[in-house]
Amino acid sequence: MQPNRAEMARFQRQAKPQANGCWLWTGPHGTRDGYGKFQPSPGKPKVMAHRWSYEVHIGPIPDGYQIDHKCHSDDESCPGGPDCIHRRCVNPAHLEAVTASENTMRQRHYERARTECPKGHPYEGDNLIVGSDGRRRCRTCDRARKRAKSGSQAPPVESAPAT
């Protein structure tokens, strides 16, 4: 994609270089997840700012790939989530095209750090189910949900005993 000078100037006005090397997107945040949106010119549709930056500075994003913020993966103090400052980074040197599964494996957020389900059952061994999306589930609670959904009258799942 080859932007014209006006589109590039519009982009650069909203990308502020930071001491850590990130280019912080100061334009609109068009998603509830904290990613920036960019409208290259009036009448053109809004696009994800980091994807636009990647395509302009590096090249097309391969089909089925997502753009990962390497600066987030390198910052171990960042917990992630919608307030993650790295989601607003549009520095092409910090962006990498990766598969969805690679992007999921690189994520770091509070859910991944949990060692037990909300009912207190451990996320380990035979009690751990990892879905194709990388999300973890508790086998004990999953069985209880399935029993309840099928209408069988199984006893409710109790919380794990406090230790």
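The values are calculated or read from the model by the stated rules, or taken from the named source; none is laboratory data. None of these values were measured; they are calculated from a predicted model. Neighbour counts run over all protein chains shown; Cβ positions are idealised from the backbone, glycine included. Just so you know, the surface numbers come from the protein's heavy atoms only, side chains and all, with ligands and any DNA or RNA stripped out. Shrake-Rupley method; radii C 1.70, N 1.55, O 1.52, S 1.80 Å.
Tell me whether the range 57-70 contains one or more residues that are closer than 17 Å to Pro17 by Cβ and of a type in the set (A, V, I, L, M, F, W, C). Full working, then the answer.
If we filter the range 57-70 for residues that are closer than 17 Å to Pro17 by Cβ, which is where we start, we get 57, 69-70.
Cutting the leftovers down to of a type in the set (A, V, I, L, M, F, W, C) gives us none.
Among the residues of the range 57-70, not one is closer than 17 Å to Pro17 by Cβ and of a type in the set (A, V, I, L, M, F, W, C), which makes the answer no.
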Open item on the list: Give me the residue from the range 87-99 that is of a type outside the set (D, E, K, R) and closer than 16 Å to Trp23 by Cα and, out of that set, surrounded by the most Cβ atoms within 10 Å (Cβ to Cβ).
Closed with: Val90
Task: For Cys84: the one exception among (1) of a type in the set (A, V, I, L, M, F, W, C); (2) open to solvent by 30 Å² or more (accessible area, probe 1.4 Å); (3) modelled with pLDDT under 90; (4) under 18 Å from the mean Cα position of the chain (by Cα) - done: (2)
- [ ] Check whether at least one residue in the range 30-41 is assigned to a helix (DSSP H, G or I) and either in contact with a Leu (Cβ under 7 Å, 6 or more places away or on another chain) or open to solvent by less than 80 Å² (accessible area, probe 1.4 Å) (or both), and report yes or no.
- [x] no
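Pick out the one residue from Trp52, Trp23 that is modelled with pLDDT of 95 or more and in contact with a Cys (Cβ under 7 Å, 6 or more places away or on another chain). It would help to see each step written out before you state the result.
Details: Trp52 fails: in contact with a Cys (Cβ under 7 Å, 6 or more places away or on another chain).
Going through Trp52, Trp23 in turn, just one is modelled with pLDDT of 95 or more and in contact with a Cys (Cβ under 7 Å, 6 or more places away or on another chain): Trp23.
Of everything in the range 50-66, what is among the small types (Gly, Ala, Ser), in contact with a helix residue (DSSP H, G or I) (Cβ under 9 Å, 6 or more places away or on another chain) and in a loop (DSSP other than H, G, I, E, B)? Give them in sequence order.
Once the filter is applied, which keeps residues that are among the small types (Gly, Ala, Ser), in contact with a helix residue (DSSP H, G or I) (Cβ under 9 Å, 6 or more places away or on another chain) and in a loop (DSSP other than H, G, I, E, B), the range 50-66 yields only Gly64.
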- [ ] Starting from the range 11-22, keep only residues that are on the phi > 0 side of the Ramachandran plot, then list their pairs with residues that are open to solvent by 40 Å² or more (accessible area, probe 1.4 Å) and modelled with pLDDT of 95 or more whose Cβ atoms are within a distance under 9 Å, requiring at least 6 positions of separation or different chains.
- [x] Gly21/Ala93
- [ ] Might you check whether a residue that is crowded, with 17+ Cβ neighbours inside 10 Å, touching a His at 6+ places or on another chain (Cβ under 9 Å) and of a type in the set (Phe, Trp, Tyr) occurs anywhere in the range 42-64?
- [x] no
